[in-house]
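I have placed the structure first, in the form of C-alpha cells, so that the comments after it can refer back to it.
The values are calculated or read from the model by the stated rules, or taken from the named source; none is laboratory data. The model shown is predicted, which means the values in this text are computed figures rather than measured ones. Neighbour counts are summed over all protein chains in view; Cβ atoms, including those assigned to glycine, are modelled from backbone coordinates with ideal geometry. These area figures cover heavy atoms from the full protein model, side chains too; ligands, DNA and RNA do not enter into them. Shrake-Rupley method; radii C 1.70, N 1.55, O 1.52, S 1.80 Å.
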Amino acid sequence: RRSGQYTMNHDHSKKIPDGTSFDRSGSQDSLDELSMDDYWKELENIHETRGNNHEERVALVVKEPDEGELEEEWLKEAGLSNLFGESSGDSLESMVFLSTLTRTQKAAVEKRVETVTQTMRKKNKQHQIPDVRDIFRLQNDSKGKVCDGSEPSAVKTSENKNETHDGTKGNFSLGTDEQKSLLEDMPSSDTDINLEISFAEQAANLKDSSVGKMYKGGGGDTLLPNFRLPKDKTGTTKIGDLAPQDMKKVYSLALIELTALYDILGTEFKQQKAVKIKTKDSGLFGVPLSLLLEQDQKKVPGTKIPLIFQKLIAQIEETTLETEGLLRIPGVATRVKGLCQELEAKFYEGTFNWENVKQHDAASLLKLFIRELPQPLVTVEYLKAFQDVQNLPTRKQQLQALNLLVILLPEANRDTLKVLLEFLQRVIDHRDKNKMTLKNVAMVMAPNLFTFHGFGSKAIEQSEFAMAAGTANVMRFMIQYQKLLWTIPKFIVNQVRKQNTESQKKEKEKKDKAMKKLLKKMAYDREKHEKQEKTPND
C-alpha cells in the first residue's frame, strides 16, 4: 500500500489491514468464500485498470459541514427553508405541507429545525428565529388534525425531545381507531410490503410492540425473501406516472420519510456534499451524466439514457448472454484502454467499428463508464446512505430505505440505474449457462457502483472490508427487488393528494376573499358615482 494510492494484492482477500484473518462467515448473509473472492478480484482489476491509466483523476473532496449546516441544507432540500432565516414566515404552502406530515415525519423536521435554530442563536444571526413548537402549533391550530388523522398533541416538543428521539418512551402510536386498525391489518406475512402506512410509523410500531425481531440471516439466492406488493384495487403508482410538480412534492416527502425512518432505527442519515471539481465538458468517459445527456439529446431528442451506455449494453447482448463468466472475466486492459480512446474520437462521428469489440471488452467498458463518472451513479449526496442500508435491522426496512433512496436520485441517475439493473437481471436469467448467479453479479458490480475512487484512498482503505459484504448485499437487493424500488408508496401519494386538495381549497378561499373585496369596492364606487351625478341636477 503506497500513501495516497490504494493498491490491492490478491492475498488481501484473506487478510484485513491489521493482519488478522477476515471472518467471512460473520458477514451478513454468510457470503461464501468464492463469491467474496469475486469481489476482491474485481477490485484488483479496477486498480490495475486505474494503474494503466496514467492520467490521474482528481480526487473528489467531500466537504465537512459546519454545525447546523447539514440540517439547514436538509430543510432546503425538503422545501422548508422558510421555516428559518431571513425568509422565515408562515407561508401558506409550508403550512399546508406540514399539515399532511405523519408524527414521525414531524419529529424529524422538528429535530432539524431545532438544531438550525440553536446554531443561529449561537451565531447570533439577526433573523427572525421561530420556536419549533410555534411552527407546529400554528399549523395545528389552523388544522386541528394531522394527516394520519391523529390528534396533534403527540408532536414532540423540545422539552420531551430527549425522551422520544431514541424511540424508547415516545408515544408513536398512530392515534385514531381507523389508523390503529390499519396497523393491525398490516400484512401478517413477512414478505408483504405495506405501502399504505408510513415506513417510519411501521418501524416505530414494531419497536413499541417489540415484535420487530425479523430474521436477517441466510445466504444464497434462494433465501432472499420473496417480497411482494399486496394487490391494490386502485393500482400502484410508479416513478414517472406523476407530473413534475407532484414529483417535487414526492421528493420532499421521501427525504423527510427516509430521515424519520433512519431516526427511529438509530442510524445516522447524512447527506454528503462534494466540493466542486473541474470535470470534462465533452466526450464519453468521465463526463457528468447531465452534460452527457445534454450532448446526446442534440443527436437523439428525448433520450434519457446516455447513448454510449445503451450501445455498450446492446453490444454485450448482441453476442449472447450465455457466455461463461460474463461481467466477471475482464477484457484485456491495454485493449480496453485503446478502445476507450478510439470511442472518444469516433463514437459520435459514427466511424467506430464495433465488430472489433470483444464481449468481455464491452463489459469492461460498461463498468469503466460507471466508475469514471465524476460523481457516483447513486450520487455523492446519497452514496453513504445507500451503503448504510446494510445497517438497518430488518430486510423489509432495508428494502423500504432503498425504495425511498431511489425516489431521491436525480432523474438521469435513476433512469440510468434502472437500465443497468434490468440488464443485470437479464444476465442472471442465463445463469445456467453463464454461471453468473445473483450473488456473483452483485459481487462483481458492487465495487464499480459503491467503492467510489474519487473519495481519495484513506476512507476506502479503512472501511473496505467492513463495507464489502454489505454493499454486495445492497447490490443484490437492488437487482432482486428492482420492480418494487420504482414504486411510489401509497401513503406518500395520498399526502401529495391531500396537499393539492388543501392548496386548491386555500387558493379558492383566497380568490373568494379577493372577489368579495373587489365587488365591495365596485359597489362603493358605483354608489359614489351615482351621488356625484345627482349633485349638478339638484
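Using a 1.4 Å probe on the protein heavy atoms only, what accessible surface does L92 show? Give it in Å² to the nearest 10. The value for L92 is about 80 Å².
Positive end of the dipole of segment 270-488 (Cβ unit charges, origin at the Cα centre): among Q271, V474, T323, the Cα lying farthest that way belongs to Q271.
Based on the Kirkwood radius over alpha-carbon pairs, what value in µm²/s does the Stokes-Einstein equation return for the translational diffusion coefficient of segment 270-488 at 4 °C and 1.567 mPa s?
This corresponds to a translational diffusion coefficient of 72 µm²/s.
Near the amide H of I488, within less than 5 Å, lie the amide hydrogens of T237, K238, I239, all on another chain or at least 5 residues away, with H placed in the peptide plane.
Below 17 Å Cα-Cα, how many Lys pairs turn up in segment 313-459? Only count pairs eight or more apart in sequence, or on different chains, if you could. List each step's numbers first, then the result.
On the way: K337/K346; K337/K358; K337/K367; K358/K367; K367/K418; K384/K458.
For segment 313-459, the number of qualifying lysine pairs is 6.
In terms of the mean number of neighbouring beta-carbon atoms within 10 Å, the peptides 493-504, 238-249 order highest first as 493-504, 238-249.
Measuring with a 1.4 Å probe in the full set of protein chains, what accessible area per residue, in whole Å², belongs to segment 270-488?
Values: 8150 Å² over 219 residues.
That works out to 37 Å² per residue.
What does the charge add up to near Q310, with Lys and Arg as +1, Asp and Glu as -1, over the other residues with Cβ less than 15 Å from its Cβ? Write out the running numbers ahead of the final one.
Details: positive: K299, K304, K311, K418, R426; negative: D296, E317, E318, D415, E422.
Spelling it out: positives minus negatives among the neighbours equals 0.
From the alpha carbon centroid of segment 338-409 to that of segment 465-519 is 26 Å. Karplus-derived 3J(HN,Hα) values for segment 515-532, using 6.51 cos²θ - 1.76 cosθ + 1.60 with θ = phi - 60°, are 5, 4, 4, 5, 4, 4, 5, 4, 4, 5, 4, 5, 4, 4, 5, 4, 4, 5 Hz; glycine and proline are entered as x.
If you count, for each residue, the other Cβ atoms within 10 Å and average over each peptide, how do 386-397, 256-267 line up from highest to lowest? Before the final figure, lay out the partial values.
Working: 386-397: 20.2, 256-267: 23.7.
Descending packing order for the listed peptides: 256-267, 386-397.
What the phi angles of segment 413-428 give under the Karplus curve with 6.51, -1.76 and 1.60, with θ = phi - 60°, is a coupling list of 5, 5, 5, 5, 4, 4, 4, 5, 5, 5, 5, 4, 5, 5, 5, 5 Hz, glycine and proline written as x.
Say a paramagnetic label sat at a point 7 Å from the Cα of E318, along Cα to Cβ; which residues of segment 410-437 have their backbone N under 20 Å from it? So the set is 420, 423-424, 426-427. For segment 383-390, backbone phi angles converted through the Karplus equation (6.51, -1.76, 1.60; θ = phi - 60°) give residue-by-residue couplings of 3, 5, 5, 4, 4, 6, 4, 4 Hz, Gly and Pro being listed as x.
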